[in-house]
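The block underneath contains the structure these notes are about, expressed in structure tokens.
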Amino acid sequence: MAIGSAMASAETLADAMISAYKNSNLLEQNRATLRAADENVAQAVAALRPVVQWTADYGWSKSEGVSSSTGREVTTEGSSASTALSASITLFDFGRNRLTVSSQKEAVLATRETLRSIEQQVLLATVQAYSDVKSAQEQVSINQNSVRVLQEELNATNDRFDVGEVTRTDVSLAEAQLASAKASLVSAQGSLVTAREDYKAATGHYPGQLAPLPKAPNLPKSRDEAASTAQRNHPSIKSLQHSVTISEIAIQSAKANKLPEVTGSLSLSNDEGGYVGQSASIGLSQTLYSGGALDSAYRQAVANRDSARAELRQEAVDVAQAVLSSYSSIDVYRAQIRSYDEQIRAANVAYDGVKEEATLGARTTLDVLDAEQDLLDARASRITAEADLQVAYYQLLSNMGLLTVENLKLGIPTYDPAAYYNVVHNAPLTSIRGEKLDRVLKAIGQK
């Protein structure tokens, strides 16, 4: 019952990932970046609407001089005041502003994919940290056991030396092996300290008792399935797809910049003397010559589009390569673990046999120490391979674009990247939709 209670209270890998998701400053940073991108859409939408301004002026003046007609000194003093209200709007710009809105919407979608990529990085770093701590703890444990066994071996060798069964050389060999084991233990303990710090950086707290590494998550059945899923779902590919669309919109905008623009304005003014002024105007303007700047901007937009397309194609190649590499790594680590299991079994039998033969004088102390070291090396290698296999599972999911809280079904509320956008993308006045915005900010933990 005590063992079962301890296992129930141990922190699992899922617990660690939940903690990382909740406490990651990197995620908070990129969520704020996404909200800033949402506001770019609102500002682009606002550019399609009228701009209304008011102004108020007050002036005072005083002048002194000599009248040319009377020759007397004359002082003139006065003040003036006026208020004005004006409104201006772009009536027609051949779609330039609307292209800007479309471009900013694509930028929001690209930023959402960047946030998803950051989420994957955070979770994968947590898996790495969890596996490193588990591996380091087990390495410390087997090194502690090795030191204990070698200390017993040294004691036994000293006893045999006292009765003349072995030489001083055998004692020295046992002492050297024990010193080496102690050095390995110190190194393993240092690695554990480092792993604990990495764990804290990933999750926000130091590890307590950790549960065993879990079974493999749901993985694709074939390399082709993994590669196909990655091409459809990987955040870097989807982000670059939106970047290509942005570059294509930029070409249309460069063309539209050569076309005219129609603007309208209204104004109402009231001077101190009671004079009221009203005016309205419609303006038409077009750039006829800009020294080649507009043509250069168009050519630059085309070049940027070609660059974005090439980057997308290369990213697809890189993602496919990463997926296949991760898939192969899993097969390699599994094969290594099977081999290490066989090696451990054989090394354990060999160690017991050599140790027994040494008591009968058929083996030397060096043979016993070598056999013990072979067994230790096999166990240490298996621990490392098991940790590497665990990371490889989630590395494959990451390379497929599936390493997210939602896909892993961790059972916690997740950040909704569209919630803030849905409130602000139409550029509402704060006084009109302020309460709804406050609720959204509170829901995502920003107020």
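Going by what's in this entry, would residue 189 be described as of a type outside the set (A, V, I, L, M), without any contact (Cβ under 8 Å) to a residue 60 or more places away in the chain and either on the phi > 0 side of the Ramachandran plot or not in a loop (DSSP other than H, G, I, E, B) (or both)? In short, yes. Just one of the listed residues (279, 265, 253) is in contact with a helix residue (DSSP H, G or I) (Cβ under 8 Å, 6 or more places away or on another chain) and at negative phi, namely 253. Scanning segment 54-67 for residues that are in contact with a Leu (Cβ under 9 Å, 6 or more places away or on another chain) and surrounded by 11 or more Cβ atoms within 10 Å (Cβ to Cβ) turns up just one, 55.
A search for C-beta distances below 7 Å between a residue of segment 255-270 that is within 16 Å of residue 297 (Cβ to Cβ) and any residue that is open to solvent by 70 Å² or more (accessible area, probe 1.4 Å) and modelled with pLDDT of 90 or more, counting only pairs 6+ apart in sequence or on different chains, returns 255/298. Of everything in segment 36-53 that is open to solvent by 30 Å² or more (accessible area, probe 1.4 Å) and assigned to a helix (DSSP H, G or I), the residue that is nearest to residue 264 (Cα to Cα) is 46. Quick one: would you say residue 118 is open to solvent by less than 40 Å² (accessible area, probe 1.4 Å) and either modelled with pLDDT of 95 or more or closer than 29 Å to residue 48 by Cα (or both)? For residue 118, the condition - open to solvent by less than 40 Å² (accessible area, probe 1.4 Å) and either modelled with pLDDT of 95 or more or closer than 29 Å to residue 48 by Cα (or both) - is met. Here residue 125 meets the list (1) over 30 Å from residue 419 (Cβ atoms); (2) open to solvent by 40 Å² or more (accessible area, probe 1.4 Å) almost entirely, failing just condition (1). Based on this model, can you work out whether residue 230 counts as under 30 Å from residue 87 (Cα atoms), modelled with pLDDT of 90 or more and either of a type in the set (S, T, N, Q) or open to solvent by less than 60 Å² (accessible area, probe 1.4 Å) (or both)? Considered against the rule, which asks whether it is under 30 Å from residue 87 (Cα atoms), modelled with pLDDT of 90 or more and either of a type in the set (S, T, N, Q) or open to solvent by less than 60 Å² (accessible area, probe 1.4 Å) (or both), residue 230 comes out as no. Looking across 33, 70, 90, one residue alone is among the hydroxyl-bearing types (Ser, Thr, Tyr), surrounded by fewer than 13 Cβ atoms within 10 Å (Cβ to Cβ) and out of contact with any His (no Cβ under 9 Å at 6 or more places or on another chain). It is 70.
Does residue 368 qualify as being open to solvent by less than 20 Å² (accessible area, probe 1.4 Å) and over 26 Å from residue 133 (Cα atoms)? Answer is yes for this residue. If I filter segment 313-329 for residues that are touching a Ser or Thr at 6+ places or on another chain (Cβ under 6 Å), assigned to a strand (DSSP E or B) and either open to solvent by less than 40 Å² (accessible area, probe 1.4 Å) or at pLDDT 95 or above (or both), do I get at least one hit? No, there is no match, as no residue in segment 313-329 is touching a Ser or Thr at 6+ places or on another chain (Cβ under 6 Å), assigned to a strand (DSSP E or B) and either open to solvent by less than 40 Å² (accessible area, probe 1.4 Å) or at pLDDT 95 or above (or both).
Every residue, every condition in (1) open to solvent by 60 Å² or more (accessible area, probe 1.4 Å); (2) at pLDDT below 85; (3) in a helix (DSSP H, G or I), yes or no:
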site: 130; (1), (2), (3): no, no, yes
site: 134; (1), (2), (3): no, no, yes
site: 143; (1), (2), (3): no, no, yes
site: 147; (1), (2), (3): no, no, yes
site: 151; (1), (2), (3): yes, no, yes
site: 157; (1), (2), (3): no, yes, yes
site: 161; (1), (2), (3): yes, no, yes
site: 171; (1), (2), (3): no, no, yes
site: 178; (1), (2), (3): no, no, yes
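Each residue in segment 233-277 was checked for being in contact with an Asp or Glu (Cβ under 9 Å, 6 or more places away or on another chain), farther than 23 Å from residue 323 by Cα and open to solvent by 60 Å² or more (accessible area, probe 1.4 Å), and 2 pass. For residue 84, the stated conditions do not hold, so it cannot be described as assigned to a helix (DSSP H, G or I), on the phi < 0 side of the Ramachandran plot and either of a type outside the set (Asp, Glu) or exposed (fewer than 14 other Cβ atoms within 10 Å of the Cβ) (or both). Within segment 281-308, the residues that satisfy the criterion of being exposed (fewer than 10 other Cβ atoms within 10 Å of the Cβ) and either among the small types (Gly, Ala, Ser) or touching a residue at least 60 places away in the same chain (Cβ under 8 Å) (or both) are 282, 285, 291, 292. For segment 317-333, the condition holds for no residue, the condition being that it is under 43 Å from the mean Cα position of the chain (by Cα) and within 21 Å of residue 254 (Cβ to Cβ).
For segment 371-384, a residue qualifies if it is open to solvent by less than 50 Å² (accessible area, probe 1.4 Å) and under 16 Å from residue 191 (Cβ atoms), and the qualifying residues are 376, 380, 381, 383. Can you go through 200, 215 and tell me which one is basic (Lys, Arg), open to solvent by 30 Å² or more (accessible area, probe 1.4 Å) and under 30 Å from residue 331 (Cα atoms)? Just one listed residue meets the conditions, 215. In segment 202-213, how many are more than 24 Å from the chain's Cα centre (by Cα) and part of a loop (DSSP other than H, G, I, E, B)? Here the count works out to 4. Scanning segment 330-365 for residues that are in contact (Cβ under 8 Å) with a residue 60 or more places away in the chain and not in a helix (DSSP H, G or I), we see that the one that is surrounded by the fewest Cβ atoms within 10 Å (Cβ to Cβ) is 361.
The values are calculated or read from the model by the stated rules, or taken from the named source; none is laboratory data. Because the structure is predicted, anything quoted here is derived from the model rather than measured. No Cβ is skipped: glycine too gets one built from the backbone with ideal geometry, and neighbour counts run over all protein chains shown. All accessible areas refer to the heavy atoms of the entire protein, side chains included, with ligands and DNA or RNA removed. Shrake-Rupley method; radii C 1.70, N 1.55, O 1.52, S 1.80 Å.
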